[in-house]
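Below is one structure, written out as structure tokens, with a few remarks after it.
The values are calculated or read from the model by the stated rules, or taken from the named source; none is laboratory data. None of the values given here were measured: they were computed from a predicted structure. Cβ sites come from the backbone with ideal geometry, for glycine too, and all protein chains shown count toward neighbours. Just the protein is used for accessible areas: all its heavy atoms, side chains included, with ligands, DNA and RNA removed. Shrake-Rupley method; radii C 1.70, N 1.55, O 1.52, S 1.80 Å.
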Amino acid sequence: MARVEKRNNVDGVEKSAVSILSRAVEHDKAKRYTSAIVCYQEGIQLLLEALKGLHDDSETSNDAKKKYFRQKASDYMDRAEEVKKLVQKEKEDGTYHEQIRINNNESGYSYEKVFSPFLEDSVSRVEVEDPYIRTIHQTHNFLRFCELLVKRCPDLQEILLLTGKEEHEPAAQEKRFAQLAESLKKCKIVLTVKYSMTLHDREIRIDNGWVIKIGRGLDFFKAAENKFSIGFCDMSLRPCYETTIDIFHRKWIKRN
């Protein structure tokens, strides 16, 4: 029985590895290299876990399977290193550009999936320009983005938001930002909010050099059908509006 359970576990890990590595190859072919690197790393780790499971099973004599796992892991490691070098070279040359297209009603694009490949431990400052962080649901979107930054960037010190002023209830908008600023302060992060009535562009600048332009800004999720429908809490399950995300890398990030 123990052997069967161990074998089933190895099979399950292998299936997960195959699924993630398939996504890595898709991203790679589409030149979404940062996402490809993340998937390669996750898939290789799972493949090595499956290989370890085979080695730990003293009754397993499937040498061909072990050899296959080792070879695939080695191949994917080599490709991941090639992609890393490619990204690094284009970053140094200032020519890196990656594009993600989200189709209408497509799901699976949480902030974590979109932004995580560009967030590192060393990030200390993030600048957000989005003219539509005005209403309650738009501020909730910004809050979700801030939560991701808190989780992914342990050295984060400052978030700067440039947005438009809510025309009908400016006091309520300012109150929401004040509450968020007070909460971020407990995480030792300063939130600075500035307003512009002529702002049009939507851009996120990270002080590690990444610049992310989203056609619809942070507000690319469609509204949930109701508060008890799937996708209300988990944004990866929420259908999206059609939009394009362009990612660049600059050596120097302008500061507002």
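For region 192-207, backbone phi angles converted through the Karplus equation (6.51, -1.76, 1.60; θ = phi - 60°) give residue-by-residue couplings of 10, 10, 10, 10, 9, 8, 10, 5, 10, 5, 10, 8, 10, 10, 10, 6 Hz, Gly and Pro being listed as x.
What shape does region 103-256 have by the C-alpha gyration tensor, where a ≥ b ≥ c are the square roots of the eigenvalues, rounded means a/c under 1.5, and otherwise prolate means a/b greater than b/c and oblate the rest? Because its axes are fairly even, with a/c under 1.5, region 103-256 counts as rounded.
Take residue 88 and residue 147, extend 7 Å from each Cα along the Cα→Cβ direction, and tell me the distance between the two endpoints in nm. So the two model labels end up 3.6 nm from each other. In the complete set of protein chains, residue-level accessible area for residue 76 is approximately 50 Å², probe 1.4 angstrom. Accessible surface for residue 82 stands near 100 Å², nearest 10, in the context of the full protein assembly shown (1.4 Å probe). Note on region 106-204: Lys pairs 8 or more places apart or on different chains, Cα atoms under 20 Å apart, count 11.
Heavy-atom accessible surface of residue 183, to the nearest 10 Å², is about 60 Å², with a 1.4 Å probe and all protein chains retained. Rounded to the nearest Hz, the phi-derived 3J(HN,Hα) couplings of region 66-83 under the Karplus curve 6.51 cos²θ - 1.76 cosθ + 1.60 (θ = phi - 60°) are 4, 4, 4, 4, 4, 5, 5, 4, 5, 4, 5, 4, 4, 5, 4, 5, 4, 5, where x marks glycine and proline. Summed over the residues of region 111-256 and divided among them, the accessible surface reaches 54 Å² per residue at a probe radius of 1.4 Å.
In a fully extended conformation the segment linking residue 178 and residue 192 would gain 4.1 nm over its present Cα-Cα distance, using 0.36 nm per residue. Taking every DSSP bridge with both residues inside the chain, close to 65 percent are antiparallel. Distance between the C-alpha centres of region 84-115 and region 179-232: 18 Å, rounded to the whole angstrom. When DSSP beta bridges are restricted to pairs lying wholly in region 114-256, around 55% turn out antiparallel. Length available on full extension from residue 250 to residue 99: 0.36 nm per residue minus the Cα-Cα distance, which gives 52.8 nm.
Of the listed residues 77, 235, 197, the order by accessible area with a 1.4 Å probe, largest first, is 197, 77, 235. Each stretch of four or more DSSP H residues adds -39500 (n - 2.57); spread over every residue of the chain, this sum gives -16500 deg cm²/dmol at 222 nm. Backbone phi angles across region 19-30, fed through the Karplus curve with coefficients 6.51, -1.76 and 1.60 (θ = phi - 60°), yield HN-Hα couplings of 4, 5, 5, 5, 5, 4, 5, 4, 4, 4, 5, 7 Hz in residue order; Gly and Pro are listed as x. Simple point charges give the picture: +1 on the Cβ of Lys and Arg, -1 on the Cβ of Asp and Glu, and for the chain a dipole about the Cα centre of about 120 debye. In loop segments of region 180-256 as defined by DSSP, the chymotrypsin sites (Phe, Trp or Tyr not before Pro) with at most 12 further C-beta atoms inside 10 Å of their C-beta are 228, 252.
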